[in-house]
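The values are calculated or read from the model by the stated rules, or taken from the named source; none is laboratory data. This one's a predicted model, so the numbers in the text were calculated from it and none came from an experiment. Neighbour counts are summed over all protein chains in view; Cβ atoms, including those assigned to glycine, are modelled from backbone coordinates with ideal geometry. Areas reflect the complete protein model, heavy atoms only, side chains present, ligands, DNA and RNA absent. Shrake-Rupley method; radii C 1.70, N 1.55, O 1.52, S 1.80 Å.
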Amino acid sequence: MAEDKSEAAWAALMALAARPGAAEIRPLFAADPDRFARYSRQTGDVLLDFSKTALSDEALAALLALAEARDVAGFRARLFAGAAVNETEGRAALHMALRAAPEDQFSAGTENIMPELLAVRARMEEFTRAVHEGRILTAKGERFTDVLNIGIGGSDLGPAMVARALWNPDAPLRGHFLANVDGHAWAEMQAKLDPARTLVLIASKTFTTQETMANAALARDWLRAALGEAGASQHMATLSTNLAATGAFGISPDRVFGFRDWVGGRFSLWSAIGLSLALALGWDAFARLLAGARVMDQHFRNAPLAENLPVLLALVEVWHVNGLGYPSRAVLAYDERLARLPAHLQQVEMESLGKRVALSGAPLQRASGPVVFGEPGTNAQHSFMQLLHQGTTPVPVDFILVARPDHAHADSHRKLLANGLAQAEALLMGKDAAAVIAEMRSAGVAEAEITRLLPHRVFPGDRPSVTMLLPQLDAFTLGQLVALYEHKVAVLGALWGINPFDQWGVELGKQLANVILPELSAGVVQKPHDASTAGLIGKLAALWPEGRA
Ligand code: F6P
């Protein structure tokens, strides 16, 4: 019955999207001088402007009807209630609890998770303050100057993104992030760091991830060579759910900061995994980050669907992906400090929404998560924006603008903002043949040349974007922004009927790497492979004979 209702809602939506002119945006602005006011919403510090999309009142109503039919409100209630919404792993998804205030209530199933969670947070704070205040010192009795986080995926991307975004010259420690198992990454890092001054955090939810374990072993050897075994242990801490494995690695329990399996890797920057942030930026900044995310949690939890920023952002995505068939989306933050945001969102969105079967196991009848990519503006304008303006398939854009900079170069900031606004306007308005002809004529271009160049110089326009505007970029506003995207992903999971909290698709490659690894060591193919893989293993063995172990 519920399924019938949502199929009817999908059908109504798709019928609207199939109407001639459904993808046109300019007529909507022409018809409605209040479109910006009516198609933007503010909560906390985040203004979401979704007016530059082809959503009509009718399409928005159809999307909201879909959200009702898909019981997004019911899903949201189960999410916050700690139900096992991650059905394929039998777990809750309670990253919101990590940023809860002490008075908030969160349970996983019937277990009150707040006491343990607040206790870990208190230990993180005490450790952070002790390092900053010199109560925890290096093996040589000096202050730590650098913190190195070794982790990958969610144990790297979120913290690395935030550390980059909130770095400031007064930051208490220099933060570094090592993810790739590529030895070049370690060699580069090692050259930058002094083991006698560096605190190493090994961040891994499972504490089994091949890349992280390999890098952790290299770092431990590096510390031991410089400081001896006892000294090295003063320079290490681990952030993990796998307490047995951290013990086996030789980390004493007072240096282990735990979290639970209901924290998904890509949602874990708020947990002990965020310790690198607290150390690099200061405890108060980390606490403000959590507080900002909580503002968005409360909004998401309580606001009606039609006023709810994560829900609206998800509905815009459905309109683009399913209604209009746009298979990708770009994230353009006009703020250099957000350079790593697209990488973080790629994991949050693509690992969550890159699914081809519904919760029931049945193949999806419609597209799910789009490809997400991005670069900071204005750099993107000089690389891939050509395709967004004149390519064959529209690519919706998330523009992120920050009103007030944290530098004194107002002219640079005006130029940055002008470019961001201009890109969105150019995508929307385009440039028609008449305007191109007039421009070329006034520049004295010959008529034959105008005719030849005209098709190349026309911009089709009607290319959608949303804009998120923050008053400034700080821990509090960044927390709100990141949580907005997290909840958007959860809503899309409910709308598409998929599990946004598992990631089975990353397993096969890991298994095969473990098959191929001994073959590279032996220099011969030992297991059946496709002819290409077998051929390449043979070539590698010939090109790198020293690689045999
Ligand atoms: O391979 C994907 C993944 O499982 C991510 O989901 C996760 O964030 C990452 O690996 C790292 O996992 P861990 O924190 O357990 O080392």
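Data overview
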read-out	value
Qualifying residue in the range 271-282 (condition: within 11 Å of the ligand (Cβ to nearest atom), more than 29 Å from residue 477 (Cβ to Cβ) and not in a loop (DSSP other than H, G, I, E, B))	no
Lone unmet requirement of (1) part of a helix (DSSP H, G or I); (2) within 19 Å of residue 150 (Cβ to Cβ) for residue 311	(2)
Number of the condition not met by residue 207 [criteria: (1) without any contact (Cβ under 8 Å) to a residue 60 or more places away in the chain; (2) farther than 16 Å from residue 273 by Cβ; (3) within 16 Å of the ligand (Cβ to nearest atom); (4) open to solvent by less than 20 Å² (accessible area, probe 1.4 Å)]	(2)
Test: residue in the range 329-337 that is basic (Lys, Arg), assigned to a loop (DSSP other than H, G, I, E, B) and over 24 Å from residue 176 (Cβ atoms)	no
Residue count, the range 184-204 (criterion: under 21 Å from residue 231 (Cα atoms) and outside any helix (DSSP H, G or I))	8
Where residue 508 falls short, out of the listed (1) within 16 Å of the ligand (Cβ to nearest atom); (2) surrounded by 17 or more Cβ atoms within 10 Å (Cβ to Cβ); (3) without any contact (Cβ under 8 Å) to a residue 12 or more places away in the chain	(2)
Hits in the range 356-374 - residues which are exposed (fewer than 13 other Cβ atoms within 10 Å of the Cβ) and not in a loop (DSSP other than H, G, I, E, B)	363
Hey, residue 181 in contact with a helix residue (DSSP H, G or I) (Cβ under 6 Å, 6 or more places away or on another chain), modelled with pLDDT of 95 or more and either outside any helix (DSSP H, G or I) or within 11 Å of the ligand (Cβ to nearest atom) (or both) or not	yes
Flag for residue 291 being open to solvent by 30 Å² or more (accessible area, probe 1.4 Å), of a type outside the set (D, E, K, R), away from the ligand (no atom under 15 Å from the Cβ) and outside any strand (DSSP E or B)	yes
Output for the range 129-151, where each listed residue is open to solvent by less than 40 Å² (accessible area, probe 1.4 Å) and either among the charged types (D, E, K, R) or under 18 Å from residue 240 (Cβ atoms) (or both)	146, 147, 148, 149, 150, 151
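Rundown of residues vs (1) more than 16 Å from the ligand (Cβ to nearest atom); (2) open to solvent by 40 Å² or more (accessible area, probe 1.4 Å); (3) at pLDDT 95 or above, yes/no style:
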{"site": "503", "(1), (2), (3)": "no, yes, yes"}
{"site": "514", "(1), (2), (3)": "no, yes, yes"}
{"site": "523", "(1), (2), (3)": "yes, no, no"}
{"site": "529", "(1), (2), (3)": "yes, yes, yes"}
{"site": "534", "(1), (2), (3)": "yes, no, yes"}
{"site": "540", "(1), (2), (3)": "yes, yes, yes"}
